[in-house]
């Protein structure tokens, strides 16, 4: 297994820049998520690490060795494709043994390895079936089998759950994570599903328009977003943005909005202009005596919690509150914001302002 | 089961469709039946009017096809020893003796060499070119593809004279190589375009998986892409073979002896011993066999090939 270091990686397709100068480090054994909307450059980044795409510039180190311009076959990594890409003219056993045959491994050893892998994945009884008739989950397992059979330095996975039904996805996500924990293999995983990334990843890189927006643990990315894009992309419903105009100083920790003082973690930089007050729905509570007033538009029941849509003087908001609290549409309520979780953003650039909450995170973001 | 369905055709629709298919089959198969039966008729039956549907079968046409014969006087015939073989007997019944083999066998072999040779070459080059056009960034790709296609925009025979002069200068006239090159040149545009379509439909991920699995680009091509392009290759091969097998005009123009193929040879049979229609028909019948066998062998692929890509998976 290996650590992977990406330095100033860049990829251009003609006039289009798919990835702009990315740098990050994937620790040995980490389950690493490349997250972003489609077209953000995450798959291109993965394909460059795998060697299916050659970078325009920059370096890729796998296990300390610079492999940026090496062909895929020389990098000793495995790749799980979104559509699995099982060889259609071979049965399950041949598919799994194919990477071993290329290395010239003796037949008896290949057989042993395939047997071992199929036991881990629970696919012993389908080894002699053609891949054409397999269910989505089994195809997925065969694709994983083909990837792990060779003990590669790292795994690349391109939305491997994207082609599965919702019910299967959950189970495969668990299986994948369990498999990773068992093998402790460095894994780079591309997804556009923020829930999947939060659920499975040790670290997440959030990309947008070929640029890395933020790099960190799921908790940091959720609680301390580095930009409005990240705040909006992660979390469902996403972070509430209250726009206002004003001036804040380094050291200030509250701002006046509609004659109410709204608190936030102590700022470490001054700013003047259009700003955004960002707060997650679960950090808003409904209280009758709070001064920040709003009108209930709708409530969505989700079991233990409910999502309440509210209209305030600063725009629409969503709050996640316990479902035992009764709210009716049309009702006027006061809102209480948990100031210690708030992030302020520069409305123009979308960048988060440095505060006591996020200072450590933004430093290497 | 309900009696009404929007997807299952009704009994009447089936009947109409069946009749149309049968009518079409009769129209297209009748000439073939005519050729087949004429080959087994005696010369008199072959030109009988009204045509004889029931006749006494004879192998005379086939014997005449493969032999050259000389007419002899009854006295000379008497002097000969009795015929040793059944075909000598047939010939002597017509007051003739066998002078030697005809050229049909050689011409047939030429057709096989040139037809299959050019088919192989077209498909081989076509597959490589199509793969490159499908997968790599080829400079001026669209222009090149159009250029390749443009060779099809006129009937090939329109350039007969330049080709004739070119072949004469290069010493390719009446050679197997010359004919193979010519038919390959005509077929290659079809092969490239057809195969590019097939290869475009094969997801790149398969090769990429092979590259990741430690294979080189060429190994990925022949171990993963080729087996999946088999359908396309088979149907392309059939189309190429049908063209070069049946080609007549260039064969007449450019071959006369060594490399003459069967199509220009068959009509010359007529002149040898009067209008020997059974021999001509026998030659045509045998000539149909290889393409028929080839097509039947590959027919599963052909059917898939024609409808390939029609339905999105």
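Summary of computed values
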| item | result |
| --- | --- |
| Gain on full stretching of the segment that runs from residue B:48 to residue B:99 - 0.36 nm per residue minus C-alpha separation | 15.5 nm |
| Prolate/oblate/rounded call for the protein assembly as shown, Cα gyration tensor, a/c under 1.5 rounded | prolate |
| Averaged over B:201-210, number of beta-carbon atoms from partner chains that fall within 10 Å | 6 |
| Relative contact order %, the range A:73-176, counting alpha carbon pairs below 8 Å whose residues are six or more apart | 46 percent |
| A:183, A:228 arranged by Cβ crowding within 10 Å, fewest neighbours leading | A:183, A:228 |
| Average other protein chain Cβ within 10 Å of Cβ, residues A:80-88 | 5 |
| Relative contact order [Cα under 8 Å, 6+ residues apart], the range B:105-307, whole percent | 32 percent |
| Exercise: per-residue mean of other protein chain Cβ atoms within 10 Å, A:49-55 | 2 |
| Order of B:41, A:25 - criterion: other Cβ atoms within 10 Å of each residue's Cβ, fewest first | A:25, B:41 |
| Förster radius 35 Å - calculated FRET efficiency between residue A:297 and residue A:219, Cβ distance, rounded to 0.05 | 0.70 |
| Fraction of beta bridges assigned by DSSP in the range A:223-365 that are antiparallel (%, nearest 5) | 100 percent |
| Order of A:34, B:254 - criterion: other Cβ atoms within 10 Å of each residue's Cβ, fewest first | B:254, A:34 |
| Label-reachable residues, the range A:242-257, where backbone N falls under 19 Å from a point 7 Å from residue A:268's Cα toward its Cβ | A:248-254 |
| Average Cα contact separation per residue, the range B:74-197, under 8 Å, 6 or more apart, as relative contact order % | 38 percent |
| Chain B shape via C-alpha gyration tensor axes, a/c threshold 1.5 | oblate |
| Virtual spin-label span in nm between residue A:167 and residue A:347, 7 Å along Cα→Cβ | 4.8 nm |
| Of all DSSP beta bridges in chain A, antiparallel share, percent nearest 5 | 80 percent |
| In range of the label at residue A:103: residues from the range B:182-210 whose backbone nitrogen is under 17 Å from the point 7 Å along Cα→Cβ | B:210 |
| Residue with peak Gaussian network fluctuation, chain B [Cα springs, cutoff 10 Å], from B:88, B:75, B:201 | B:75 |
| Helical mean residue ellipticity (222 nm; -39500 (n - 2.57) per DSSP H run of 4+; nearest 500) of chain A | -7000 deg cm²/dmol |
| Linear extension gain, residue A:290 paired with residue A:304, 0.36 nm per residue minus alpha-carbon span | 2.6 nm |
| Segments A:291-297, B:154-160 sorted - mean Cβ within 10 Å per residue, highest first | A:291-297, B:154-160 |
| Nitroxide proxy distance, nm - points 7 Å out along Cα→Cβ at residue A:135 and residue A:316 | 3.9 nm |
| Pair residue B:153, residue A:23: separation of 7 Å Cα→Cβ label points (nm) | 5.4 nm |
| FRET E, pair residue A:8, residue B:56, Förster distance 56 Å, beta-carbon r, rounded to 0.05 | 0.05 |
| Gain upon complete extension [residue B:112, residue B:268; 0.36 nm per residue less C-alpha separation] | 54.2 nm |
| At R0 = 45 Å, FRET efficiency that the Cβ-Cβ distance of residue B:72 and residue B:299 yields, to 0.05 | 0.40 |
| Over chain B: helical MRE at 222 nm, DSSP H runs n ≥ 4 each giving -39500 (n - 2.57), nearest 500 | -21000 deg cm²/dmol |
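Where a number appears in this text, it was derived from the coordinates with a stated rule and is not lab data. These numbers were taken from a predicted model, which means no experiment stands behind them. For neighbour counting, all protein chains shown are included, and Cβ atoms are generated from backbone atoms with ideal geometry for every residue, glycine included.
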